[in-house]
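Undergrad: Before I ask anything, here is the structure I am working with.
Only the coordinates and a few stated rules stand behind these numbers; no lab work does. Just so it is clear, the model here is predicted, and its values are computed rather than measured. With ideal geometry, Cβ positions are generated from the backbone for all residues, glycine too; neighbour counts draw on all protein chains shown.
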Amino acid sequence: MKMDAERTYTSKITQVGAQLADTRTLLTQWDETKTVEENLKHFQSQNIFGKASRVRVSRILKVFRERYLREQVVIDSLVALAKGGISSKILDPILYFHAARSDHLLHDIVTEFLVDLKETGATDVDSDAVVGIIRRWSDEGKTSKHWVEGTLDRIAVGLLATLRDFGILRGVATKHIAPVYLPVESFAYIAHYLKQQQPSGERLIHDPEWRLFFLSPQGVENNFIAAQQRKLLEYHAAGPVVRVLFPVATLEEYANVILRAAS
């Protein structure tokens, strides 16, 4: 059965990778007085990434649009963080979160394969196993088109390299699941974003998106407590009743709260 178009796996992750340095360049040079189209047109014409090929720049900007530029609130908050000089240790996990949510293949390799692998106690990632999973998904009609063997290998290599660059994996020839460190500021940003999707504190603790960081519900609670100690939010739990309160309403305003906390 073919997946809904919104959940179809594509090979776009292999076209650009994580591109963390280029993403920060884009965000710090973003002109808030211009539209998305105007900014992208300017970046294309100026070749701000210093790439030799305009085709390469165009491909990068297309993926950037899908990852970070589909929601105005996300654009505003990421630009505020980048221009505010936030540490890459805080910004990079946030960029990974948005990238994974925009690329379902990247998302599901982590949440449906790496998380289960780690729960068995294993840390080594077998590239052949990744190819096998992608092959199965392609055979099940979950991909934009049926992928042949060479394509499967290329996509698996791109996925693993991207996850390494985002800090989820480590290693060169052989990849291993890295000890994922999620700074409390990054956690709080993601929690604020997710809470806008659904306001329930209990559901927020059990939101499956935390699997992107290998966090169990207990790990999420521990992070909420740490965030409260940093005065980034208020966390109240009494049995099944959980309340999470943020000091400001919008994500852009919260980006400034994070900047002050991190300074």
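Undergrad: Give me the orientation-averaged projected area of the Cα convex hull of region 124-205, in nm², one decimal.
TA: The orientation-averaged projected area of the Cα hull of region 124-205 comes to 7.5 nm².
Undergrad: A further question follows. Check THR143: other-chain or 5+ apart residues with amide H under 5 Å from its amide H, H built from backbone geometry?
TA: TYR9
Undergrad: Over all alpha-carbon pairs in region 11-84, figure out the percentage whose distance exceeds 19 Å.
TA: I get 28 percent for the Cα pairs in region 11-84 exceeding 19 Å.
Undergrad: Please compute P(r) over all alpha-carbon pairs of the chain, binned at 10 Å starting from zero, and give each bin as a whole-number percent.
TA: 6, 28, 34, 24, 7, 0
Undergrad: Right, another one. Students often forget the sequence filter, so: which lysines lie under 19 Å Cα-Cα from LYS118 once same-chain residues fewer than 8 apart are removed?
TA: Cα-Cα hits under 19 Å: LYS175.
Undergrad: What translational diffusion coefficient, in µm²/s and rounded to a whole number, does the Stokes-Einstein relation yield for region 78-117 at 37 °C and a viscosity of 0.692 mPa s, taking the hydrodynamic radius as the Kirkwood radius over Cα pairs?
TA: Rounded, D is 292 µm²/s.
Undergrad: When the Karplus curve 6.51 cos²θ - 1.76 cosθ + 1.60 is applied with θ = phi - 60°, which whole-Hz ³J(HN,Hα) does each residue of region 222-233 get, with x for Gly and Pro?
TA: Computed from phi, the couplings for region 222-233 are 4, 5, 5, 5, 5, 5, 5, 5, 8, 6, 8, 6 Hz.
Undergrad: Sum up the charges of everything whose Cβ sits under 15 Å from the Cβ of ALA178, counting Lys and Arg as +1 and Asp and Glu as -1, but leave ALA178 out.
TA: Result for the neighbourhood of ALA178: +2.
Undergrad: Based on the Kirkwood radius over alpha-carbon pairs, what value in µm²/s does the Stokes-Einstein equation return for the translational diffusion coefficient of region 83-221 at 37 °C and 0.692 mPa s?
TA: Reported coefficient: 205 µm²/s.
Undergrad: Please report Rg (one decimal) and Dmax (integer) in Å for the Cα set of region 184-262.
TA: Here Rg and the maximum Cα pair distance are 11.5, 33 Å.
Undergrad: Relative to the Cα centre, what is the charge dipole magnitude of region 99-199, using +1 at the beta carbon of each Lys and Arg, -1 at the beta carbon of each Asp and Glu, and rounding to the nearest 20 debye?
TA: Taking the Cα centre of region 99-199 as origin, the dipole is about 260 debye.
Undergrad: On to the next question. Could you derive backbone 3J(HN,Hα) for region 105-117 from the dihedral phi with the Karplus parameters 6.51, -1.76 and 1.60 (θ = phi - 60°), listing whole Hz in sequence and x where the residue is Gly or Pro?
TA: Karplus values, whole Hz, x for Gly and Pro: 5, 4, 4, 7, 4, 6, 6, 10, 10, 5, 4, 5, 4.
Undergrad: Rounded to the nearest 500 deg cm²/dmol, what is the calculated helix-only ellipticity per residue at 222 nm for the chain, with -39500 (n - 2.57) per DSSP H run of length n ≥ 4?
TA: Per the formula, -17500 deg cm²/dmol.
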